[in-house]
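Written out below as structure tokens is the structure these notes cover.
Read the figures in this text as sums done on the coordinates, not as results from a lab. Only a predicted model underlies this, so the values are computations on that prediction, with no experimental measurement involved. Positions of Cβ are generated from backbone atoms using ideal geometry, with glycine treated the same way; all protein chains shown enter the neighbour counts.
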Amino acid sequence: MESHLSLADLRGRFVLIDFWTFCCINCLHVLDELRPLEERWSHVLTVVGVHSPKFSHEAEPGTLADAVARYGVTHPVLDDADMTTWQAYAARAWPTLVLIDPEGFVVSQYAGEGHAHAIDALLAELVPQAQRRGTLRTGGGPPVTPAPESSGLLFPSALLGLPDGRWLVSDTAHHRLAVLDAYAEQIVACIGTGVRGHRDGAPSDAQLNEPEGLCLLPPDVARAVGYDVVVADSVNHALRGLRLADWSLRTVAGTGRPWNPTDTTSLSSPRDVAWWDGRVWVAMAGIHQLWTFDPVLGCAGPVAGTRTEGLRDGPLDEAWFAQPSGLAPDAERLWVVDAETSALRYVQDGAVHTVVGSGLFDFGFRDGGRQRARLQHPLGVTALPDGTVAVCDTYNGAIRVFDPPPGELTTLATGLAEPSNAAVGGGLLLVVESAAHRVVAVPLDVRAQAPDTAESSERPPTSIAPGRIRLVVSFVPAPGQRLDERYGPATRLTVSATPAALLRGGDGAGPDLERDLDVDPSVGGGVLHVTATAASCDEGPGEGAACHLHQQDWGIPVRVDPDASDVLALALGGTETAGVG
């Protein structure tokens, strides 16, 4: 990370500012989308990350440096801990991209995923113009310190006990799987080359891309399908099958490409997998859903969640999730940790129930019952032998324990470095301490004390007028592209609110990107959930035209203010962003 870099230093180059926060799965998608763009345009383009944190843990010294190393970020990153730069650019979403030309003018703004191709097309048009004007300075960008190498584990994320007593670990930042000895201390074998990629084959040839969750199949199912372990290969948007007899790896679901609603075989950042109720359940973090996968039939599909990011209980097809990241079955329930709502939830009898957590922007470190207890971005959950549930309270650096009959959350251990997953072994809880690059043992018969804190995100709320307001989502296709209306409307807008009473009208879904909302002033404020999508394709005839999906799910904290504007303008993408802010 560069602490002294300024826009003035970059005058003469195109600059792409990426507003992100490392808890956000969509931001991580954009990091991967930008890698080819950065390489192609490195002679004229500098990408600068601006890390504007959602959670207090993300603003602590050192955590951003860990995230940069974990996700292989190779461009400069500004630590915007107090969100000053976020407010200066009127950002309203993670992620937001802003393209600045060599003379220092903003030329386009984008929110959400799927915009790398549009920026690529825009640069192809703008770079020759800047060259003709003589304003362009070519050459390499600012140097960035490379991430340290590690011979052991590097930001591991999941742990699975194997039938022979050894342990399998997702060595996530090494892009491989590691086999540990029976004490979960020494690496005895590795699966994967250690280089980002998507390739099936023998352990020395196979490639993964940030593998995470692990699930052991029942023996009869494993014999039928020819593999024993399902691996959530998160950045490959795939499930991989691992055969224990020879450690060979094969793809069993997913295409290796990001999710697209028109492609029923595509997945989106699977974070965890668990065998429950006769199927593999998948925490599909990228689109805020739970899916199931049938290994025998080889088919996967959604079973819970509407793709709206938020916290809402109810029937599976009506519930909202927010980056489900950890799964754990017990005899009656499937436990789920929902990272972005800092929630512990479960699936039972066709419905979703929440036992800890209250919303997208509320978190903390507090023991107690349903209304009082707080977590901070948990990533893992484990069913314990005594009927309780251990939660890897990742951003609090703690292991918490939830006891279902009294409905109480207590604290087992503190002082851990981003615990992300755990498993029971030898009467101990073996915890993947991700930011410390190791597995540690925690006794199950001890207890610690939570600091008793409750917090809300520091993200500034947006003021909106009471009564009728106009919601405008701007989108302009990239140069050489047009809206793709071959199969119906090319755009879609869905609006809802938490609490629902905040909107007296204007909620629901429709094809237009502009809409009148009716805001109830008596409610005072809440969160507006705005989901916008737009489909574009290359201009010209023929079936071979490349098509692209642009999408963003805004969860905007709002307050009602009689002096505020009656227009809420959001930029999904493009050059016509006047009035946004």
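Results, tabulated for the structure shown:
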item: Footprinting exposure proxy for Val296, Val381 (fewest neighbouring C-beta atoms within 10 Å first); result: Val296, Val381
item: Whole-Hz ³J(HN,Hα) from phi, Karplus 6.51 cos²θ - 1.76 cosθ + 1.60, for the stretch 226-240, glycine and proline x; result: x, 8, 10, 10, 9, 10, 7, 8, 4, 7, 7, 6, 8, 10, 10
item: No Cys partner within the rule (Cβ under 4.7 Å), the chain; result: Cys23, Cys190, Cys215, Cys299, Cys392
item: Sorted by Cβ neighbour density within 10 Å, fewest at the top, the residues Leu517, Leu162; result: Leu162, Leu517
item: In the stretch 409-474, the trypsin sites (Lys or Arg not before Pro) that fall in loop regions by DSSP, at most 12 other Cβ within 10 Å; result: Arg447
item: For q = 0.20, 0.22, 0.28, 0.29 Å⁻¹, Debye-computed log10 I/I(0) when each Cα of the stretch 174-215 counts as one equal scatterer; result: -0.60, -0.71, -0.96, -0.99
item: Formal net charge of residues neighbouring Pro404 (Cβ-Cβ distance under 12 Å; K, R +1; D, E -1); result: -3
item: FRET efficiency estimate (nearest 0.05) - Cβ-Cβ, Val107 to His43, R0 22 angstrom; result: 0.75
item: Loop trypsin sites (Lys or Arg not before Pro), the stretch 346-427 (other Cβ atoms within 10 Å of the site Cβ: 15 or fewer; DSSP); result: Arg370, Arg372
item: The stretch 231-333: chymotrypsin sites (Phe, Trp or Tyr not before Pro) falling in loop per DSSP and having at most 12 other Cβ within 10 Å; result: none
item: All-pairs Cα distance distribution in the chain, expressed in whole percent, bin size 10 Å; result: 3, 17, 28, 27, 17, 6, 1, 0
item: Virtual paramagnetic centre 7 Å along Cα→Cβ of Gln371, amide N under 17 Å, in the stretch 443-475; result: 454
item: Euclidean distance between Cα centres, the stretch 114-137 to the stretch 231-265, Å; result: 35 Å
item: Contact order relative to length of the chain, as percent, for alpha carbon pairs under 8 angstrom and 6 or more apart; result: 10 percent
item: Protection proxy ranking of 19-27, 182-190 - average other beta-carbon atoms within 10 Å, highest first; result: 19-27, 182-190
item: Estimated translational D of the stretch 430-538 in µm²/s (Stokes, Kirkwood radius over Cα pairs; 37 °C; 0.692 mPa s); result: 178 µm²/s
item: Most to least packed among 298-311, 323-336 [average Cβ atoms within 10 Å]; result: 323-336, 298-311
item: Euclidean distance of C-alpha centroids, the stretch 1-73 and the stretch 333-394, integer Å; result: 30 Å
item: Rg over Rh [alpha-carbon atoms, Kirkwood Rh] for the stretch 211-456; result: 0.96
item: Distant alpha-carbon pairs in the stretch 1-148 (separation over 27 angstrom), percent; result: 16 percent
item: Relative contact order %, the stretch 461-581, counting alpha carbon pairs below 8 Å whose residues are six or more apart; result: 39 percent
item: Segments 115-126, 345-356 sorted - mean Cβ within 10 Å per residue, highest first; result: 115-126, 345-356
item: Summed side-chain charge close to Pro324 - residues other than Pro324 whose Cβ falls under 14 Å, Lys, Arg +1, Asp, Glu -1; result: -2
